[in-house]
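Trainee: I'd like to ask you about the structure that follows.
The values are calculated or read from the model by the stated rules, or taken from the named source; none is laboratory data. Please read these numbers as outputs of a predicted model, since none were measured by experiment. Here the Cβ positions follow ideal geometry from the backbone for every residue, glycine too, while neighbour counts run over all protein chains shown.
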Amino acid sequence: MKIDRMRIAGALAAGLLGLVWLAQAGRLMAQATATAPAEAPAAAVGTAGIHGHVNDPTGLPVTSGEVRLTTDKNPNNVDRKFEYTFPIDASGNYKGSGIKPGNYVAVVYQNNNTVDFMSAPMMAGEDKTVDFDMSRKAYIDKMSPAERDQMEELKKANAATMAKNAKIETLNALMKQAVANMQAGDYASAIKAMSDATTAKPDEAILWETLGDAQMGDAVAADTKAKASHTTDATVPDKLTAAETSYQKALTLNAAAAKPRPELPAAANNQLGAVYGRLAMTYEAADKDKRSDAMKSMAAAYDAAAKADAKGAVKYYLNESVMLYNASLKTGVADGLADAADKAIAADPTRADAYFFKAEGLAPLITMGPDGKTLVAPPGLVDACNQYIKLAPAGVHAADLKGILAGLQEQVQTNYKAPPAPKRK
């Protein structure tokens, strides 16, 4: 049976690292460059327009407040009247039109205070650019020593935040690149991208999980290629072990994180289950102990995935069943398959595949009766066959399971009502 449930490329990984922004006094936001001013509308005939950009003393955009126009040249006049008011947007830009020509002062106004001002004479038909750069020397020179100290602290904090943003943007780009590489089957490039990412930020769980996906994909691709040429690839166990290490690292980091990613434990443990299942299939009969240990680890990983995502438990137990079934096709040993199927059935008794896997796990236990002619079924086999046939009478395994029942001289049951699915917690 082809494994078609296993996540290979780590699609959930891309885009999960969010950019970290610094907010200061409700208006400072970390970003590398200011957005260019929006184009102002052409001034109507006989009137003027104005537009521009406003930076604070640290060189970052002012993201709130207004630019106001007044003809009152006295900045100390508490009763100063403003003829026009234009809001400053989130990028630090403002614009306005329909202004009567005149000799104005443009004022940056915040919290009922004048923050900066510029002379702004306006002529009819003019679209005037007036930018406010509060990092200019003339503005800084008027600041008090305490204000200058505060400004320097803000500059340091903003610089650190922008450096952090730049690093996170780089990591996001590496994750996006790795996912694209995996989708294209270029696992070597994906591994390189995520190795660089984990080196740059070794404490981020999602990076290690994505690296594990790339390593897992590389192992599967190598094994598939070898099987197509009827050979074996000796590097596959090492590739799988590398993926195991990355997934375990992801789980450890996530558990220790201040804000663990809730989806990661189920996803990483599901992948770990597949890693252990494939490792078990690489061991020959002489490595029964290693094979047994891998099987135990696989069952534990799928149990952990189901515990982390109780609503999706059936898919993890079906994945476990698929791994055990594929192993049985190679080794002829179906140990654990019926137990995994029972867990899937307990999670959702309406899934026909679970009953097929249970039947396949129990079929090797058929024995010959005392008369030497009659086959004796182990407990649960006949019911598993009938349950599958009832749920999927035209299913791909229906004929095979009917054959088992015929060999056991058991009658196929056709009247059946599917049990209700268990309530989700």
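Trainee: Please go through the stretch 234-288 and give me each residue that is over 22 Å from residue 336 (Cβ atoms), in contact (Cβ under 8 Å) with a residue 24 or more places away in the chain and either charged (D, E, K, R) or outside the structural domain of residue 198 (by TED's automatic domain parsing) (or both), ordered by number.
Mentor: Within the stretch 234-288, 239, 249, 261, 263 qualify.
Trainee: Can you tell me which residue in the stretch 269-294 is farthest from residue 245 (Cα to Cα), limited to those that are of a type in the set (Lys, Arg) and buried (at least 18 other Cβ atoms within 10 Å of the Cβ)?
Mentor: If we filter the stretch 269-294 for residues that are of a type in the set (Lys, Arg), which is where we start, we get 278, 288, 290-291.
From what is left, the residues that are buried (at least 18 other Cβ atoms within 10 Å of the Cβ) are 278, 291.
On the way: 278: 15, 291: 18 Å.
Looking at residues that are of a type in the set (Lys, Arg) and buried (at least 18 other Cβ atoms within 10 Å of the Cβ), I get 291.
Trainee: Could you grab me the full set of residues in the stretch 295-341 that are within 18 Å of residue 353 (Cα to Cα), over 21 Å from the mean Cα position of the chain (by Cα), surrounded by fewer than 19 Cβ atoms within 10 Å (Cβ to Cβ) and not acidic (Asp, Glu)?
Mentor: 326, 329
Trainee: Output the number of the condition that residue 413 fails; it satisfies all remaining conditions of (1) modelled with pLDDT under 90; (2) in contact with a Phe, Trp or Tyr (Cβ under 6 Å, 6 or more places away or on another chain).
Mentor: For residue 413, the failing item is (2).
Trainee: Another one. Quick one: residue 193 ticks every box in (1) part of a helix (DSSP H, G or I); (2) surrounded by fewer than 17 Cβ atoms within 10 Å (Cβ to Cβ) bar one, so which box is it?
Mentor: (2)
Trainee: Something else about it: List the pairs whose first member sits in the stretch 115-130 and is in the same structural domain as residue 101 (by TED's automatic domain parsing) and farther than 12 Å from residue 67 by Cβ, whose second member is β-branched (Val, Ile, Thr) and assigned to a loop (DSSP other than H, G, I, E, B), and whose Cβ atoms are under 9 Å apart, counting only residues at least 6 apart or on separate chains?
Mentor: Going by the 9 Å Cβ cut-off, the qualifying pairs are 119/130; 122/47; 124/45; 124/47; 125/45; 125/47.
Trainee: Is one or more of the residues making up the stretch 324-332 under 21 Å from residue 399 (Cβ atoms), touching a residue at least 24 places away in the same chain (Cβ under 8 Å), touching a Leu at 6+ places or on another chain (Cβ under 8 Å) and not assigned by TED's automatic domain parsing to the domain that holds residue 261?
Mentor: Within the stretch 324-332 (the criterion being under 21 Å from residue 399 (Cβ atoms), touching a residue at least 24 places away in the same chain (Cβ under 8 Å), touching a Leu at 6+ places or on another chain (Cβ under 8 Å) and not assigned by TED's automatic domain parsing to the domain that holds residue 261), the answer is no, since none of the residues qualifies.
Trainee: Here's something else I'd like to know. Taking into account only those residues within the stretch 180-200 that are of a type in the set (A, V, I, L, M) and without any contact (Cβ under 8 Å) to a residue 24 or more places away in the chain, which is nearest to residue 210 (Cα to Cα)? Outline the logic, then answer.
Mentor: Narrowing the stretch 180-200 to residues of a type in the set (A, V, I, L, M): 180, 182, 184, 188, 190-191, 193-194, 197, 200.
Subsequent filtering for residues that are without any contact (Cβ under 8 Å) to a residue 24 or more places away in the chain retains 180, 184, 193-194.
Values: 180: 12, 184: 15, 193: 10, 194: 7 Å.
That would be 194.
Trainee: Just to be sure I understand the filter: pairs with C-beta atoms under 6 Å, separated by 6 or more residues or on different chains, first member in the stretch 55-76 and touching a residue at least 40 places away in the same chain (Cβ under 8 Å), second member assigned to a strand (DSSP E or B) and among the acidic types (Asp, Glu). Which pairs pass?
Mentor: 55/133
Trainee: Only one of these is closer than 19 Å to residue 244 by Cβ and among the aliphatic types (A, V, I, L, M): 207, 174. Name it.
Mentor: Details: 174 fails: closer than 19 Å to residue 244 by Cβ.
Answer to the check: 207.
Trainee: Considering only residues that are under 24 Å from residue 291 (Cα atoms) and either touching a residue at least 24 places away in the same chain (Cβ under 8 Å) or over 32 Å from the mean Cα position of the chain (by Cα) (or both), which ones fall in the stretch 342-355? Explain how you work it out, then say what you get.
Mentor: Here is the first cut: in the stretch 342-355, the ones under 24 Å from residue 291 (Cα atoms) are 342-344, 354.
Once the filter is applied, which keeps residues that are under 24 Å from residue 291 (Cα atoms) and either touching a residue at least 24 places away in the same chain (Cβ under 8 Å) or over 32 Å from the mean Cα position of the chain (by Cα) (or both), the stretch 342-355 yields 343, 344, 354.
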